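Taking it in order: structure first as structure tokens, then the write-up.
Readers should treat all values here as calculations from the given coordinates under stated rules, not as data from a laboratory. Not measured: the values here are computed from a predicted model. When we count neighbours, we look across all protein chains shown, and the Cβ atoms used for this are built from the backbone with ideal geometry, even at glycine.
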Amino acid sequence: MDKLIEKKKRPLWQWLLFGAAGVGVAWSVQAMLADASIRTYRVNESQLVVSEVLHGAFDDVTPIRGTIQPFNSVFLDAVNGGVVEAVLAEEGSFVEAGQPLLQLSNNDLQLQVANNDTQTTEQINNLANISNNMDTTRLMTERAIIDTEYNIIVLKRQKERMEKLISSNMISREEYDAIADELLYRQKIHANLLERQELEDRIRQERMEQIQGQMVKLQDNLGLSLRTFADLLVRAPVAGQLTSLPVEIGENKSRGQRLGQIDAVDQYKIVAQVDEYYVTRVALGQSARFVLAGEPFNAKVMKVYPEITNGTFEIDLSFEGEAPSRIRRGQTLQLDLTLGNPVESLLLPLGGFIQDTGGNWVFVLNEAGEFATRRDIVTGRRNSRYVEVREGLEVGDRVITSSYSNMGEMERIQLTP
């Protein structure tokens, strides 16, 4: 007869083992799904540059490239233009102030100068005639006053004699009255002439001042016209080296066109281009260092140009102390521009990542160095070697500092051997 065998219950420890295994499988599946949802880029570790975050003194300098330029340059422009008749100096030669360089010709200008000369001379003659006429009028008025004063004197004497004669009834009353009336008439004329003379003097003084002013202006215009004609002979305004004279005989130069350039050869400056990132940090008086022919030299910023072109702005630097010998116009120099004093801070070596992220985030490796994850950071100043890290990293963190050109949209970088 068959015997019923009861199925034994699993012990508790087996159920606990099965539960732990299930939890482990579920955790693994969840981790796999989470990893699949993270955008990962796989790359061979040999293709990356990994740098470690350091703590040290940050030298606040930036490298710049400068060019030697004359401290003072004078440009030669055509004042009125014309045809080049003769070239009187060679390009590259040293010239003295006032030395003739070019001879231009301009027939229209010659005719214009001649016409201006004729018209100006005619106006000057007209003003001179007006002045002469006023002097003539003055003399005529003075002559009339003299005649009137003479008549008054004669009439007074006649009146005095007649007063004695009329008391003796030797002359008639009518004769006496005629002389008295004539004297009174001449006295009134004399008073009128004096008022007229005063008016003429005032008018003449005002008019003569105007005439003198007009004469000065006409003389200036005449001199300007003659100088304009003389400007066809181009002279060196200063002494120096004629570094540019791009002209040919027979060439027509228009008014205002550049004819050449003269550079002062006794003093030079450095003209440098600086990245626009430093536009708010470059100021007058900052120092720069450079090495030329194995010798160190110093310079300082003397001018900052505010205009930004193609991502850079321009500064002028002057030499401090003794300037290098045998430097030439156009020679290039590599300088280190000091922007501030050294400061202790976290330092991350510069690399291609800075152009891709702007220093706002980086990929940081885990402890095992198997993968790197994206992390936001805050950076500060930069120099030729390091960028200052203010937040987001710690000493010893390892960061991918090579270019992120193919990783910009990724969240994790998986390193492969």
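Odds and ends about this structure:
- Environment charge at TRP361 (Cβ cut-off 9 Å; Lys +1, Arg +1, Asp -1, Glu -1): +1
- Near the amide H of LEU88, within less than 5 Å, lie the amide hydrogens of LEU102, GLN103, all on another chain or at least 5 residues away, with H placed in the peptide plane.
- Panel values: the chain, Kirkwood radius from alpha carbon pairs, Stokes-Einstein at 4 °C and 1.567 mPa s, translational diffusion coefficient 39 µm²/s.
- Sequence-distant residues sharing a close amide H with TYR268 (under 5 Å, placed H): PHE71
- Förster radius 51 Å - calculated FRET efficiency between LEU226 and ALA293, Cβ distance, rounded to 0.05: 0.45
- Each stretch of four or more DSSP H residues adds -39500 (n - 2.57); spread over every residue of the chain, this sum gives -13000 deg cm²/dmol at 222 nm.
- Using θ = phi - 60° and Karplus 6.51 cos²θ - 1.76 cosθ + 1.60, couplings along segment 299-308 (whole Hz; Gly, Pro as x): 9, 9, 6, 10, 7, 10, 8, x, 6, 9
- Under the Debye formula (equal points on every Cα, no solvent term), log10 I(q)/I(0) of segment 107-230 at q = 0.10, 0.19 Å⁻¹: -0.56, -0.99
- Taking label points 7 Å from Cα along the Cα-to-Cβ direction, GLU163 and ALA191 give a separation of 1.9 nm.
- For segment 136-145, Karplus couplings with θ = phi - 60° (6.51, -1.76, 1.60), whole Hz, Gly/Pro x: 5, 4, 4, 5, 5, 5, 4, 5, 5, 5
- For segment 107-230, the dipole from Cβ point charges (+1 on Lys and Arg, -1 on Asp and Glu) about the Cα centre works out to 300 debye, to the nearest 20.
- Helix 12-37 and the long axis of the chain differ in direction by around 30°, with both axes built from C-alpha atoms.
- Relative to the current alpha-carbon distance between ASP135 and PHE94, full extension at 0.36 nm per residue lengthens the span by 9.0 nm.
- Inter-label distance for LYS217 and GLU367, nm, one decimal - labels placed 7 Å from Cα along Cα-to-Cβ: 9.4 nm
- The order of the peptides 185-193, 239-247 by mean Cβ neighbours within 10 Å, most packed first, is 239-247, 185-193.
- Extension gain from LEU233 to GLU322, taking 0.36 nm per residue of separation minus the Cα-Cα distance: 28.1 nm
- Per-residue Karplus couplings for segment 379-388, computed as 6.51 cos²θ - 1.76 cosθ + 1.60 with θ equal to phi - 60°, are listed in order as 10, x, 6, 10, 9, 6, 10, 10, 10, 7 Hz, Gly and Pro entered as x.
- Nonlocal amide H pairs with LEU76, under 5 Å, H built at 1.01 Å: LEU259, GLY260, GLN261, ILE262
- Degrees, to the nearest 10: 173-230 long Cα axis against longest axis of the chain: 30 degrees
- Segment 274-313 and segment 121-147: distance between their alpha carbon centers, rounded to Å: 71 Å
- Signed unit charges on C-beta, dipole axis of the chain, positive-most listed residue ALA299, PHE58, GLN214: PHE58
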